[in-house]
Structure formats: structure tokens, C-alpha cells
Amino acid sequence: MPPLNAQESEVILHKGTEAPFSGIYTNHFECGIYACRQCGVPLYDHTAKFPSHCGWASFDDEIDGAVTRLRDKDGVRTEIVCANCGGHLGHVFEGEGFTPKNTRHCVNSLSIHFTPHEQTL
């Protein structure tokens, strides 16, 4: 993966948040894999992505073992990070009813990189 730019570093390394509705993957629904922008490990398959209209990319499931949940510094939310490198992805919320899995991974587009399926085969 190429080096992180300043915005990516702020989000991934310093747990920042991109502005709502500013991310390139917020309304992106192509077939493929979303990987960690920092280390390149696959995190989410396109089949888990859904339109939540919350302002960030939303997924209702991760690739097994790819994402780690941590109690956020605010003591209320649950942070999600890449299980491989620890890069900040966003937060996970449960009980909102958006999908049958009742889970929303709210992910910063700056934390992920998309590869279309034809390039992953």
C-alpha cells in the first residue's frame, strides 16, 4: 500500500473522523472487497454493505477475524479497528434495525480501499 496521506493518517492513526457524506465509499455499491487502507488486509465484502444514510460507509458484517472491537475512550461507543494493524476504522452500533443482522459498522472511507471483484480473482 502507498504511504498514508495527512487526512488518512489523522483518521487511521489518530482516531479522527471524516466529515459526514464526504467519503468516496459512502454511496459506493460495486462488487468487490474493502480492505484496510493502511495494511491492505481484506475487511468487508460488498455483500455486507448497505445504504444507512448515516453519512459514512455502512456494513452489517465483517470478514471473519478481520475487525477488532474496542471500548471507545468516551466509554459509550465501540470502536472498530483492523485486527491486523490496529488502524482505526470507525465505530460499530447494534440494535438499530437497518438489516436483519441488526449491526452497523460505520466506517470512514479514508480507512478503507476498494478492489473490484474482477481484480481480486
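Within a straight-line Cα-Cα reach of under 19 Å, LYS49 can be paired with the following aspartates and glutamates, leaving aside sequence neighbours fewer than 8 residues apart in one chain: GLU18, GLU30, ASP60, ASP61, GLU62, ASP64, GLU79, GLU94, GLU96, GLU118. When you filter the GluC sites (Glu not before Pro) in the stretch 1-90 for DSSP loop state and at most 12 other Cβ atoms inside 10 Å of their Cβ, you are left with GLU30.
Of the trypsin sites (Lys or Arg not before Pro) found in the stretch 1-88, those in coil by DSSP whose Cβ has at most 12 other Cβ atoms within 10 Å are LYS73. Label-to-label distance, LEU70 versus ILE24, with points set 7 angstrom from Cα along the beta-carbon direction: 2.6 nm.
Listed by chain and number, the lysines placed with their C-alpha closer than 18 angstrom to that of LYS73 are LYS15; residues fewer than eight positions away on the same chain are left out.
Stretching HIS46 away from GLU118 to a fully extended chain increases their span by 24.6 nm, per 0.36 nm per residue minus the current alpha-carbon distance. When exposed loop sites are taken as chymotrypsin sites (Phe, Trp or Tyr not before Pro) in a DSSP loop with at most 15 other Cβ atoms within 10 Å, the longest stretch of the chain clear of them is 30-121. Across the stretch 21-27, rounded Karplus estimates of 3J(HN,Hα) from the backbone phi angles (6.51 cos²θ - 1.76 cosθ + 1.60, θ = phi - 60°) give 6, 9, x, 5, 9, 4, 10 Hz, Gly and Pro being marked x. Here's the picture: charge each Lys and Arg Cβ at +1 and each Asp and Glu Cβ at -1 in the stretch 6-116, and of VAL41, VAL92, HIS53 the one pushed furthest to the positive end of that dipole is VAL92. Loop-resident GluC sites (Glu not before Pro) (DSSP state other than H, G, I, E or B) in the stretch 81-121 with no more than 16 further Cβ atoms inside 10 Å of their Cβ: GLU96. The smallest convex shape that holds all Cα atoms of the chain, its convex hull, gives 102 Å³ per residue. In a simple Cβ point-charge model (Lys, Arg +1; Asp, Glu -1; nothing else charged), the stretch 1-51 has a dipole of about 80 debye relative to its Cα centre. Taking amide H atoms as placed 1.01 Å from N in the peptide plane, the amide H of LEU43 lies under 5 Å from those of TYR34, ALA35, CYS36, each 5 or more residues away in sequence or on another chain. Contact order for the stretch 1-72, expressed relative to its length and based on alpha carbon pairs under 8 Å spaced 6+ residues apart, stands at 27 percent. Of the residues ILE63, ILE80, ILE12, the one that moves most in a GNM of the chain with alpha-carbon contacts below 10 Å is ILE63.
Computed about its Cα centre, the charge dipole of the chain is approximately 240 debye, with only Lys, Arg, Asp and Glu carrying charge at their Cβ.
Each reported figure results from applying straightforward, stated rules to the coordinates on display, with no laboratory input. This one's a predicted model, so the numbers in the text were calculated from it and none came from an experiment. As a convention, Cβ positions derive from the backbone with ideal geometry for all residues, glycine included, and neighbour counts pool all protein chains shown.
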